[in-house]
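Here is the structure we will look at, set down as structure tokens.
Just so it is clear, none of the values below were taken in a lab; they were calculated from the coordinates. Fair warning: this is a prediction, and the values are worked out from it, not measured in the lab. Reconstructed Cβ throughout: ideal geometry from the backbone, glycine too, with neighbour counts over all protein chains shown.
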Amino acid sequence: MEQTVTVFSGFSAQDLLFLGEAALRTLWISLLSIAIGSFLGGIFGWVLYESKNWGGILVNPVLDIFRSVPLIVQLVLFYNFAPIVGLNLDAFESGLVVLTMYTSALVANVARGGIESVGRSMRIASRSLGMSYWQDMRHVVFPIGTRAIFPSWVGVALGVMKDSALVSVLGYVELVKASQVLITRTQEPLLIILVVGAFYFVLSYPVSRYSAKLERRWSQ
């Protein structure tokens, strides 16, 4: 009597836990790239604002590359080029470097717009009160500029969180890569894609709601 061999298995609680761990990996690489990229983007934005000549010549071409070239192309090129120059980076580290630079390129123009949103008369007034340049930046430009650019920055952050799915092409097991593994094993693509979509919603929705709450508070 021939025995029937089961190749595929149904979606189980263990698979849900596997997706949950992948969601944490997605959140981790997203948070790191957004935090570091926003910091670097703020510096690049300041350079673009304060040094419109040499700053634009040196910084803009680099930022344009990260803004213009598709992210998946950047990931593949960097991951394969890094070992050639002696950088032994794994999938997570390579993805983090590229996502960070990608985020900084997007945030740079947002940050420059925030600085430009502070009126010249307000800055002259702060300097007339005896503030130094850096005191003016800290107490006047940063608070006002942050409120002006916050909605745009949130949009960038949410976009980067979703774009982190592309790191799966390097083999990093985040939500999309985990879903591919489970779809191959369970042959239940619709269910798994729905669960993955729910995870992305759970990761993104609190950020969106909290940002809306902050905007309402600042507008009062």
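Helix by helix through the chain, keep the DSSP H runs that span 27 Å or more along the axis on Cα and average at least 0.5 on Kyte-Doolittle, and give those back in order. Can you show the working numbers first?
Working: long enough: 13-50 (55 Å, 1.19); 91-116 (38 Å, 0.93); 142-163 (29 Å, 0.81); 189-219 (44 Å, 0.69).
Counting only whole DSSP H runs, the qualifying helices are 13-50, 91-116, 142-163, 189-219.
If N is the number of residues in the range 18-219, what value comes out of its Cα radius of gyration divided by 2.2 N^0.38 Å? Spell out each step's value before the answer.
Details: Rg = 19.8 Å, N = 202, 2.2 N^0.38 = 16.5 Å.
Against the empirical 2.2 N^0.38 Å value, I get 1.20 for the range 18-219.
Please give the length that would be gained between L58 and Q135 if that part of the chain were fully extended, namely 0.36 nm times their separation in residues minus their C-alpha to C-alpha distance (nm, one decimal). Don't skip to the end; give the middle numbers.
Numbers: separation 77, 0.36 × 77 = 27.72 nm, distance 2.69 nm.
Additional length available on full extension: 25.0 nm.
Full-extension gain between L190 and V69, please, as 0.36 nm times their residue separation minus the C-alpha to C-alpha distance.
On the way: separation 121, 0.36 × 121 = 43.56 nm, distance 3.13 nm.
Separation in residues times 0.36 nm, less the Cα-Cα distance, equals 40.4 nm.
State, as an integer percentage, the relative contact order of the chain based on alpha-carbon contacts under 8 Å between residues 6 or more apart.
Details: 212 pairs, mean separation 69.1, N = 220.
Normalised by residue count, the contact order of the chain is 31 percent.
Report the net charge of residues surrounding L203, where surrounding means a beta-carbon distance below 15 angstrom and charges are Lys +1, Arg +1, Asp -1, Glu -1.
On the way: positive: R25, K162, R209; negative: E21, D163, E174.
Net charge around L203: 0.
Taking 10 °C and 1.306 mPa s as the conditions, I'd like the Stokes-Einstein D for the range 148-201 in µm²/s, using the Kirkwood hydrodynamic radius from alpha carbon pairs. Can you show the working numbers first?
Numbers: Rh = 12.4 Å.
The calculation lands on 129 µm²/s.
Please work out the Cα center distance from the range 27-91 to the range 138-175, rounded to the nearest Å.
Rounded to whole Å, the Cα centres lie 13 Å apart.
Determine the calculated [θ] at 222 nm for the chain from helices alone, applying -39500 (n - 2.57) to every DSSP H run no shorter than 4 residues and normalising by the residue count; nearest 500 deg cm²/dmol. It would help to have the intermediate numbers written out before the result.
Numbers: 9 runs with 168 residues, N = 220.
Calculated from helices alone, the mean residue ellipticity at 222 nm is -26000 deg cm²/dmol.
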